[in-house]
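Encoded as structure tokens, the structure appears first; notes follow it.
Each reported figure results from applying straightforward, stated rules to the coordinates on display, with no laboratory input. In this text, all values refer to a predicted model and were calculated from it rather than measured experimentally. Methodologically, a virtual Cβ is constructed for each residue, glycine included, from the backbone with ideal geometry; neighbour enumeration extends over all protein chains shown.
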Amino acid sequence: MVHAPPGAIELDRLATGQLGLVTFWQLLALGSTKRQVARWVADGRLFPVRRGVYRVAGVQTGWEAQALAGVLAGRGQVVASYRTAARLWGLSDTSGGAAIHVSGARVRLAGVRVHAQAVGPDERTRRICVPVTTVPRTLADLASVVEPARLGRMTDEALRLGILGLEQLRRYVDRQSVGVSGRRPAGAGILSDILADRLPGYDSGASAWERDMDRKWEEWGLPFAERQHVIRTPRGVYRPDRAIVEERIAVDWNGYEYHGMRSRFDADSDRRADLAAAGWWALDFTSKSSPERICETVHAVWMGRRSGRIG
């Protein structure tokens, strides 16, 4: 049976589920030919991103699309992993640079760091349309490249964001196979040590209100914002709870349990001053802030920064 080549509707539908990206082999599966794909590239309907991966004209892509392009180039054999997975999950880790990391089959992908390590079906999922390692597997991988203290902080971040549970992590560590030496893999051992300090009832450091605010950001339809985005200023490095990077807006949830002391009051004042000096607009909300006030304020500042009305 001969299929008609995909039209605009089919192409847009495919790209919509992949952050504006399509692959050569996906187009062939839809019924297009090599010549048709070449013509669409020549006509500016498709723009090459990686070998065999294209961006549909008129779609603006960000870092997440770059990560997805690296995965798509692996033709289903790899998933985003290590520091790329950490960033997709919203976990702060600043030492990995811009490299895209993937794990799975031993494939050669230009500009992509490939880890030829098996990823089981229960260790892979999707995040922002990108096939990615699960949070427990991501933490286990990172155990080999970050110091234990940083890994502990990332574990706490995952707990605060609600993307990981202690029991879930404990079950994952318990399932890890024993290596040929008779010992657990290094990542599982380090995670066991981290779990030993985080018994049932452990407080990861954020109030229930702060966790709830972070979860509801997308529900409220607020502009896309990175979690724990690193902002470097001459006087220090800051990681706001949410950052609308393009407009330089930093949003923090200030639960009283953490910020209700004079020392934190002074530190928060210095933080706002440092961010302002670096060109960032800092917004702080407390548990007394209503959802309406948060939404209205963020939208107003966002629109003001975009239009240039707010410097």
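Assorted remarks:
- Cα coordinate range in segment 208-307, projected on the principal axes (Å, largest first): 32, 32, 18
- P(r) tail fraction, segment 8-61 - alpha-carbon pairs more than 19 Å apart, %: 11
- Applying 0.36 nm per residue to the separation of V59 and A276 and subtracting their alpha-carbon distance, the gain on full extension is 74.9 nm.
- Computed per residue of the chain from DSSP H runs no shorter than four, each worth -39500 (n - 2.57), the mean residue ellipticity at 222 nm is -12500 deg cm²/dmol.
- Charges were assigned to the Cβ only: +1 to each Lys and Arg, -1 to each Asp and Glu. The resulting dipole of segment 72-196 about its Cα centre is roughly 400 debye.
- The DSSP beta bridges internal to the chain are antiparallel in roughly 65% of cases.
- Once the Cα gyration tensor of the chain is diagonalised, semi-axes √(5λ) in Å: 36, 29, 16
- Beta-bridge orientation, segment 72-196: approximately 60 percent antiparallel, per DSSP, counting only bridges with both partners inside.
- When the chain is treated as a Gaussian network with alpha carbon springs shorter than 10 Å, the biggest mean-square fluctuation among G104, G44, G52 belongs to G44.
- Listed by Cβ neighbour count within 10 Å, with the fewest neighbours leading, Y82, Y238 appear as Y238, Y82.
- Of C295, C129, the sequence from fewest to most neighbouring Cβ atoms within 10 angstrom is C295, C129.
- Estimated distance in nm for a label pair at R106 and R306, the labels positioned 7 Å out from Cα along Cα-to-Cβ: 4.9
- Ranking of H101, H115 by count of other Cβ atoms within 10 Å, fewest first: H115, H101
- Cβ-Cβ FRET estimate between R215 and V237, R0 fixed at 25 Å, reported to 0.05: 0.50
- Highest-MSF residue in the chain out of G189, G62, G162 [GNM, Cα springs under 10 Å]: G62
- Contact order, relative form, for the chain: 10 percent (alpha carbon pairs under 8 Å, 6 or more residues apart, mean separation divided by residue count).
- Relative contact order (%) - criterion: Cα under 8 Å, at least six apart; region: segment 208-307: 27
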